[in-house]
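> Before I ask anything, let me first share the structure, which is written out below as structure tokens.
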Amino acid sequence: MTTLPDLSAPDLAALLASRLCHDIISPVGAVQAGLELLDEMPNDPEAMALVRRSTQSAVAKLQFARIAYGSSGSTVAQIDMGDAKTVAEGFMSFEKAELSWEGQRAYVPKNVAKLVLNLVLIANASVPRGRRVEVRVEELEPRLRITVTANGKPLRVPATFRALLADEPLAEPIDAHGVQQYYTLLLARECGATVSLALDTEAAVITVERD
């Protein structure tokens, strides 16, 4: 099991809130820019398209974050993996990589679904534009086995994630950029699961397992 550095609950909440704001500020800012253009050029089709797509992007990111970071209704909630897949597809439709998701649909403890969605974020951050992220839900009960693969070249798996997995000292304290990777491994610990990373020149395979 990966040893994680200590981070207080208030600090974790603050850093995750900062990360969420970072994720949605771009599409929300684009909505504002589009509305300003419409003030100058009412009914301009390009401005309308900008507002429409940016709004859709912001909604997709918030729907994703509600499950990936939020409690989804209660602290003991179960989540339908089909719903997790749907929000992941919505989120990735505005991202640089394509998403494929295979495997059974079932209700799972919320931290399992949250863990998979957070691994999708890490895989997405690891690949260049136009590449592919693959999710394979192989087993859910009683054992757990899920793989998330980032396909592309060059791969850039986040340094904080690699250091935490390897139990190596971090170059910097956990910040708003690294907190999502920290939170991912915290979720794995809460699930009693191990996370491993296998790298080659064109694929990073992240495996989640629990006996």
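Laboratory data are not the source of any read-out in this text; all were calculated from the coordinates shown. What you are looking at is a predicted structure, and each value in this text was computed from that prediction instead of being measured. Note: ideal-geometry Cβ built from the backbone for every residue, glycine included; neighbour counts use all protein chains shown.
> Give me the three principal axis extents of region 9-210 from the C-alpha atoms, as integers in angstrom, largest value leading.
Cα spread of region 9-210 along its principal axes, largest to smallest: 57, 37, 36 Å.
> Provide, as a two-decimal number, the C-alpha radius of gyration of region 136-211 over 2.2 N^0.38 Å, N being how many residues it has. Numbers along the way, then the final one.
Details: Rg = 13.2 Å, N = 76, 2.2 N^0.38 = 11.4 Å.
For region 136-211, the normalised Cα radius of gyration is 1.15.
> Within region 48-191, what percent of beta bridges assigned by DSSP are antiparallel, to the nearest 5?
Details: 10 of 16 bridges.
Once the DSSP bridges in region 48-191 are tallied, antiparallel ones form about 60 percent.
> Under a Cβ-Cβ cut-off of 9 Å, what is the net charge of the residues other than Ile67 that fall near it, where Lys and Arg count +1 and Asp and Glu count -1? Kindly include the intermediate steps, with their values, before the conclusion.
Values: positive: Arg66, Lys110, Lys114; negative: Asp83.
Computed value for this residue: +2.
> Oh, and also: At 0.36 nm per residue, and after removing the present C-alpha to C-alpha distance, how many nm does the segment from Arg189 to Glu139 gain when stretched out fully?
On the way: separation 50, 0.36 × 50 = 18.00 nm, distance 1.79 nm.
Here the segment from Arg189 to Glu139 would lengthen by 16.2 nm.
> If you average the alpha carbon positions of region 18-73 and of region 84-147, how far apart do those two centres end up, in angstrom?
Distance between centres, Cα-based: 23 Å.
> Ignoring everything except DSSP H segments at least 4 long, calculate the 222 nm mean residue ellipticity for the chain; use -39,500 (n - 2.57) per segment, divide by total residues, nearest 500. Kindly include the intermediate steps, with their values, before the conclusion.
Numbers: 6 runs with 105 residues, N = 211.
Only helices count here, giving -17000 deg cm²/dmol.
> Once you have the Cα-Cα distance between Met48 and Thr86, take 0.36 nm times their residue separation minus that, and quote the gain in nm to one decimal.
Details: separation 38, 0.36 × 38 = 13.68 nm, distance 2.60 nm.
Result for the pair: 11.1 nm of gain on full extension.
> OK, next. If I fit a long axis through the Cα atoms of helix 179-191 and take the longest principal axis of the Cα atoms of the chain, what angle between them do I get, 0 to 90°, rounded to 10?
Helix 179-191 and the main axis of the chain meet at about 40 degrees.
> Expressed as a fraction of 2.2 N^0.38 Å, the rule-of-thumb size for a compact globular protein of N residues, what is the C-alpha radius of gyration of region 1-53?
Numbers: Rg = 18.6 Å, N = 53, 2.2 N^0.38 = 9.9 Å.
Ratio of Rg to 2.2 N^0.38 Å for region 1-53: 1.87.
> List the relative contact order of region 9-210 as a percent without decimals, with contacts defined as Cα pairs under 8 Å and 6+ residues apart.
Details: 312 pairs, mean separation 36.3, N = 202.
That works out to 18 percent.
> Sticking with this one: Order of 99-110, 10-21 by packing, highest average Cβ count within 10 Å first? Spell out each step's value before the answer.
On the way: 99-110: 16.2, 10-21: 14.6.
In descending order of packing, they fall as 99-110, 10-21.
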